[in-house]
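Structure record follows, encoded as structure tokens.
Readers should treat all values here as calculations from the given coordinates under stated rules, not as data from a laboratory. Computed from a predicted structure; not experimentally measured. Ideal geometry is used to build each Cβ from the backbone, glycine not excepted, and the neighbour counts take in all protein chains shown.
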Amino acid sequence: MATKKFMYLNRKAPYGTVYALESLEVVLIAAAFEQDVSLAFIDDGVYQIIAGQNTDGIGMKNFSKTYNALGDYDINKLYVSEQSLSERGLSEADIMPIVYEDEDDDWAEKSSIKIVSNAELTKIMAEQDVCLSF
Amino acid sequence: MKIAIQINEGPYQHQASDSAYQFAKAAIAKGHEIFRVFFYHDGVNNASAFTVPPQDDRNVINQWAELGIKNADGEPELVICIAAALRRGMLDESEAGKNGITGNNINPAFRISGLGQLIEAGIQAERLVVFGD
């Protein structure tokens, strides 16, 4: 099967609507298809990967730990919009650590998070074959 | 051109399904192939056989059914996501049986399948067009 570049565009807060959770379900299934997968977090989507999420008070499942498993599925390109972070008073320090082991570098643990400007993200999106927007 | 469509919103609440239908109809009229329509999130509600709109309104479900999007084996290529469908009470006969529930509500022009069908559509089609918020 041909390999294509798939990007999953996460635009919504993790709770409040089901888009973020069901987007993550697609990403995990997609990993089995051995495509070139990347994720982008823009607008309120940046809240999906903020550290220290606690859903005890709202009766929802806290699925934020799942993002940490993405490295095990060879998904290690998580682009985060710098502008979306700063618009919300957030910075890279507020994002939870999401890492992968680099097989080309003696399995060194590296961050999957890449903070990018909207101009850079636009360029990366233009390089994709398929953009799925959630 | 070989085109796949993803619909993320339910009927009537949102225009996504209507817009996708108009797009699909226009694309087919221009000689393009609609390889598959994949219904996700609340989009799975577009397959409900129990939908009864007022008589002076369009029937979103029947519109899709009448478009008759099928593969070479004659199976429907209007596909609703199984995980999204089950948690929203959309069940075909088989899934109802497995879950001990009486009754089923999937219009026969649609079929239930897994998320892999969405990824496969992205791989096989030349364009994947997403409709939703």
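Note on region B:2-131: semi-axes of the ellipsoid equivalent to its C-alpha gyration tensor, largest first and rounded to whole Å, are 22, 18, 13.
When peptides B:103-115, A:81-93 are ranked by their average number of other Cβ atoms within 10 Å per residue, the highest-first order is B:103-115, A:81-93. Against chain B, whose longest principal axis is taken from its Cα atoms, helix B:16-29 shows a tilt of about 50°.
Put simply, the amide H of A:Ile95, placed in the peptide plane, has neighbours under 5 Å in A:Ala51, leaving out anything fewer than 5 places away on its chain. Pick from B:Gln55, B:Gln117, B:Gln63: which residue has the top mean-square fluctuation in a GNM of chain B where Cα pairs under 10 Å get a spring? For chain B, modelled as a Gaussian network with Cα springs under 10 Å, the answer is B:Gln55. The protection proxy used here, the mean number of other Cβ atoms lying within 10 Å of each residue, ranks peptides A:12-22, B:75-85, B:90-100 as follows, highest first: B:75-85, A:12-22, B:90-100. Where the alpha-carbon atoms of the protein assembly as shown are placed on the principal axes, they occupy 57, 45, 35 Å, in descending order. Each of A:Ala30, A:Val116, A:Gly16 was placed along the dipole of chain A (beta-carbon charges, centred on the mean Cα), and the one lying farthest toward the positive end is A:Gly16.
Shielding value for B:115-126 is 5, the average number of Cβ atoms from other chains within 10 Å of each residue's Cβ. Each Lys and Arg contributes +1 and each Asp and Glu -1, all at the Cβ; summed about the Cα centre of region A:5-133, the dipole is approximately 660 debye.
Every helix of 4 or more DSSP H residues in chain B counts as -39500 (n - 2.57), and over all residues that averages to -9000 deg cm²/dmol at 222 nm. On the principal axes of its alpha carbon atoms, chain A extends 44, 29, 28 Å, with the longest extent given first. Residues within the reach of a label modelled at A:Ala32 (point 7 angstrom out along Cα to beta-carbon, backbone nitrogen below 20 Å), restricted to region B:100-121, are B:111-121.
For chain A, the longest principal axis of the C-alpha atoms and the axis of helix A:19-30 are separated by about 20°.
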